[in-house]
C-alpha cells in the first residue's frame, strides 16, 4: 500500500495571475528596469571618478541599494513568468 504524501510535502498548485493584471505588472517591472538602468549607469560613471570620503562611502551605499533593487526586480519578473499562463 502506498503512503499518502503528507501536507508538508505535497506540492502546492501554482496560483495564476490573471492575464490582464500580469500585463500591467510586466509593464511596471519593465519601467522599473529602465529607471534602474539609469541609476546603474550613473553609479558606474561615478565609480570612474576618484571620489573622496564621505562621497566614496555614499557611492558604496548606492551600489548596495542598486544591487538589491535589481535583484528584487528580477525576482518580480521571474514570479510573473511562473504565475502567468502562456
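The numbers here are math on the coordinates, done by the rules we state, and not lab data. What you are looking at is a predicted structure, and each value in this text was computed from that prediction instead of being measured. No Cβ is skipped: glycine too gets one built from the backbone with ideal geometry, and neighbour counts run over all protein chains shown.
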Problem - Overall form of region 19-82 per C-alpha gyration tensor (a/c, 1.5; a/b vs b/c) - result: prolate
Exercise for the section: May I ask you to derive the FRET efficiency for residue 37 and residue 79 from their Cβ-Cβ distance with R0 = 22 Å, giving the value to the nearest 0.05? Expected result: 0.60
